[in-house]
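Asks: Got a structure for you, questions after.
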Amino acid sequence: MSPVAPDVPWVRAFDAAAGRASAAGLPADLGALASRLVVLGRRIEQESPCPTRWVRKAEALFAPPTRIGARLLALVLDSWATPVSAVRGASGRRYVRLADEDARLDAEIGEPSGAGVQVRGTVEGLASGATVVACTDRRKTVRAAVREGGVFELVLPADAASFHLDVRVGRRTVARTPALATRSADEGPPTVPARPRRRTP
Amino acid sequence: MITDAELVRRCLAGESDAWRGLLERYADLVHALLRRSGLDESSAEDAFQEVALLLWKHLRRLRDVERLASWVGTTTRRIAWRSRHRTRTREGHESAARRADVQAEADRGATVEEEQALREALGHLGARCRELLSLLYFQSSEDSYEEVARKLSMPRGSLGPTRARCLEALRQELLLRGVGTEVSDPAVPASLQAGASRPPKDDDEA
């Protein structure tokens with residue numbers, strides 16, 4: 001016996017499907033639907049949810065499918081290229097902004113030191129869950145996960161004279177910057193001698 | 001409610017959150033179908049990734065499909081069948097066949113669209129409603145109303161109205177997903193009519 005008796009067919013259909021009331025007088029299609037839903041509900045109740053790990057792994061398949069290959073971000077602002085000292089900054093730090101129509105990457109390139117060259121910045125408009133990979137002129141790579149707010153931070157080897165940044169999602173590169181120098185031309189070469197260039201015949 | 005088609009369009013526009021949303025929406029269904037088909041955990045995990053990969057590859061074609069449940073169900077079952085076919089041993093075969101029989105019996109005409117709609121609809125109800133519907137309809141223990149009221153720390157007299165509100169909320173959620181039937185009954189209280197229903201919140205005094 002139901003605790004209340006609202007003559008609501010939908011409620012009665014569920015009660016009947018669960019064996020708590022009689023199905024007499026119920027529209028057949030409603031009774032059948034409620035029965036299917038109760039069977040399904042019981043099955044769902046008994047089953048374990050999908051392991052989160054499976055979903056996270058499948059998330060890595062994502063790459064913006066409308067982009068063919070990597071987007072090349074253009075250098076639109078460079079503190080070294082401006083004559084305004086307030087923008088240039090007193091230190092040897094370099095601030096760059098690279099962008100295309102939809103995405104932007106801002107980076108601050110620290111002064112080279114024995115510990116390396118610190119690069120930190122933010123990416124906007126690119127897929128979340130990305131990784132920033134710095135590839136130096138000496139063919140070394142350093143990677144850093146893009147954290148909440150699009151923030152990334154990495155340290156290049158001290159011998160890096162230039163590098164470019166790749167933004168990757170899973171295994172796919174979705175954006176790339178042009179090569180960026182770690183030192184201005186008047187600072188001279190890095191303290192570690194650069195690898196000799198191959199001569200062209 | 002964000003439709004599947006909207007999520008697909010947002011995926012195609014490069015929004016990774018939409019891809020995550022699609023995966024999370026269908027993960028439990030795919031997982032359940034794979035396990036019900038008799039695949040072990042490891043094979044099911046591989047098959048799950050295969051389904052996700054196919055979904056990813058077919059996004060463009062699925063852009064205008066309002067509900068993906070049917071495609072997901074068919075694809076998952078096909079992949080599960082192939083996986084079983086590739087790997088089953090004699091024992092596995094028999095075990096899978098037994099489970100498939102049980103499954104066929106349990107299905108009784110329920111469609112994968114209905115199953116997915118029910119999963120999503122239950123997910124949109126408050127925790128208290130889900131618990132109440134679970135105790136009343138989805139558990140095999142078949143507790144008495146007194147027992148259910150006690151488990152929910154609810155006065156017994158509140159059980160009926162709360163149950164009616166929760167079922168109405170469920171009906172609305174199912175209708176949004178294309179499953180159900182309009183209940184046109186003059187005896188339905190105005191408070192339970194479409195648009196006027198309010199499922200109890202978790203802190204409702206039932």
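The values are calculated or read from the model by the stated rules, or taken from the named source; none is laboratory data. Predicted model, so just to flag it, every value in this text is computed and none were measured. Cβ atoms come from the backbone with ideal geometry, glycine included; neighbour counts cover every protein chain shown. Heads up: the accessible areas ignore ligands, DNA and RNA and are worked out on the full protein's heavy atoms, side chains in. Shrake-Rupley method; radii C 1.70, N 1.55, O 1.52, S 1.80 Å.
Asks: For a quick protection proxy, order the peptides B:165-172, A:143-150, A:159-166 by their average other-Cβ count within 10 Å, most packed first. List each step's numbers first, then the result.
Replies: On the way: B:165-172: 23.0, A:143-150: 13.4, A:159-166: 21.0.
Peptide ranking by packing, descending: B:165-172, A:159-166, A:143-150.
Asks: At 1.4 Å probe size, what's the solvent-accessible area of B:LEU174? Round to the nearest 10 Å².
Replies: For B:LEU174, the solvent-accessible surface is approximately 0 Å².
Asks: In peptide B:11-21, what is the residue-averaged number of other protein chain Cβ atoms found within 10 Å of each Cβ? Walk me through the numbers on the way to the answer.
Replies: Details: counts 4, 3, 4, 13, 4, 11, 5, 1, 10, 7, 0.
Mean partner-chain Cβ count within 10 Å for B:11-21: 6.
Asks: How many nm separate the modelled label positions at B:GLU6 and A:LYS57, each set 7 Å beyond the Cα in the direction of the Cβ?
Replies: Using points 7 Å along Cα→Cβ, the separation is 3.2 nm.
Asks: Inside 10 Å of the C-beta atoms of B:33-45, what's the mean count of C-beta atoms belonging to other chains?
Replies: Values: counts 0, 2, 3, 2, 0, 0, 0, 0, 1, 0, 0, 3, 5.
Taking all residues of B:33-45 together, the mean is 1.
Asks: Another one. So how exposed is B:VAL30, as accessible area in Å² (1.4 Å probe, rounded to 10)?
Replies: 10
Asks: Label points 7 Å out from Cα along the Cβ direction at A:ASP106 and B:LEU176: separation in nm?
Replies: Inter-label distance under the simple model: 3.8 nm.
Asks: If you don't mind, another one. Between chains B and A, what is the buried accessible area summed over both chains (1.4 Å probe, protein heavy atoms, nearest 100 Å²)?
Replies: Answer for the B-A pair: about 4900 Å² buried.
Asks: Check which residues have an amide H placed less than 5 Å from A:ASP100's amide H, if you skip close sequence neighbours.
Replies: Placed amide hydrogens put A:ALA74 under 5 Å from A:ASP100.
Asks: Residue by residue through A:16-28, how many Cβ atoms from other chains fall within 10 Å of the Cβ on average? Please list the in-between numbers first.
Replies: On the way: counts 0, 1, 6, 2, 5, 0, 0, 0, 0, 0, 0, 3, 0.
Partner Cβ neighbours, averaged per residue: 1.
Asks: While we're here: Rounded to the nearest percent, how much of the accessible area of the range B:4-93 (1.4 Å probe, protein heavy atoms only) is carbon and sulfur?
Replies: Details: 1990 of 4290 Å².
Reported share for carbon and sulfur atoms: 46 percent.
Asks: Say each of B:ARG78 and B:SER140 gets a label point 7 Å from the Cα, pointing the same way as Cα to Cβ; how far apart are those two points in nm?
Replies: For the pair B:ARG78/B:SER140, the computed spacing is 3.4 nm.
Asks: Okay, next question. Please calculate how many Å² of accessible area the range B:4-93 carries per residue, with a 1.4 Å probe and no DNA, RNA or ligand atoms counted. Please report the intermediate quantities before stating the final value.
Replies: Numbers: 4290 Å² over 90 residues.
Ligands and nucleic acids excluded, the figure is 48 Å² per residue.
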